[in-house]
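Read through the structure below, which is laid out as structure tokens, and then see the notes.
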Amino acid sequence: MVIQPDHSDLAPTGRLNLLLSYAGWQDTPWVDRLPMILYPMGIKSHIAASATSAQQVIETNPIHIAVVDLALPLDSEGSQVEEAGTRILNLLSRLPSPPPTIVIKRKKTARDDNREMSAALRSGAFAVVDRPHAQKDIESLLEVLRKCMNRYYQNRWPGANS
């Protein structure tokens, strides 16, 4: 696992807080590489490996954009194998200012895939993407994040006056 850089030199909440939830088991997951790419731009990444930790992040930080893995487990102890990504989508949608959300879908049957995509879009997701594996997948996710930033924040930092 990559050590996160110290974000204390940014404003208390950073210029943009990004929730990154991850339910994969890769040796070098995309979620460890993305913060290193985004940090120099002033984006503070909050990584959550369970719905419980994602909820804690949401309750303690203003989230400007969320990346929600639908396969996210309920807790990190493994005692609950329930996939709770949809719980996080519902929690985010009930916030006073719901952040734009990018959904990472699970690899399932075509029927499950369609059902999950429909549920994600009904919850207001900006985009639904496959779980990144290769560098080109990470670049595609970065492009989706850029489009999200453009659409919701007109390429300005949240709360920026200019």
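Name the residue that is surrounded by the most Cβ atoms within 10 Å (Cβ to Cβ), counting only residues in the range 18-59 that are out of contact with any strand residue (DSSP E or B) (no Cβ under 9 Å at 6 or more places or on another chain) and part of a loop (DSSP other than H, G, I, E, B).
Once the filter is applied, the top-ranked residue is PRO29.
Is there a residue in the range 120-128 that is under 18 Å from ASP32 (Cβ atoms) and either buried (at least 20 other Cβ atoms within 10 Å of the Cβ) or within 11 Å of the chain's Cα centre (by Cα) (or both)?
For the range 120-128, residues under 18 Å from ASP32 (Cβ atoms) and either buried (at least 20 other Cβ atoms within 10 Å of the Cβ) or within 11 Å of the chain's Cα centre (by Cα) (or both): absent.
Taking the range 106-128, which residues are assigned to a loop (DSSP other than H, G, I, E, B) and farther than 22 Å from GLY24 by Cβ?
The one that is assigned to a loop (DSSP other than H, G, I, E, B) and farther than 22 Å from GLY24 by Cβ: GLY124.
Look at PRO62 and say whether it is of a type outside the set (A, V, I, L, M), in a loop (DSSP other than H, G, I, E, B), at pLDDT 90 or above and crowded, with 21+ Cβ neighbours inside 10 Å.
For PRO62, the condition - of a type outside the set (A, V, I, L, M), in a loop (DSSP other than H, G, I, E, B), at pLDDT 90 or above and crowded, with 21+ Cβ neighbours inside 10 Å - is not met.
Restricting to the range 85-105, name every residue that is surrounded by fewer than 17 Cβ atoms within 10 Å (Cβ to Cβ) and either part of a helix (DSSP H, G or I) or modelled with pLDDT under 80 (or both). So that I can check it myself, show each step before the final result.
Initially, the range 85-105 is screened for residues surrounded by fewer than 17 Cβ atoms within 10 Å (Cβ to Cβ), giving 90, 93-98.
Across the range 85-105, the qualifying residues are ASN90, SER93.
The values are calculated or read from the model by the stated rules, or taken from the named source; none is laboratory data. It should be emphasised that the depicted structure is a prediction, and the values quoted were computed from it without experimental measurement. In this analysis, Cβ positions are derived from the backbone assuming ideal geometry, glycine residues included, and neighbour counts consider all displayed protein chains.
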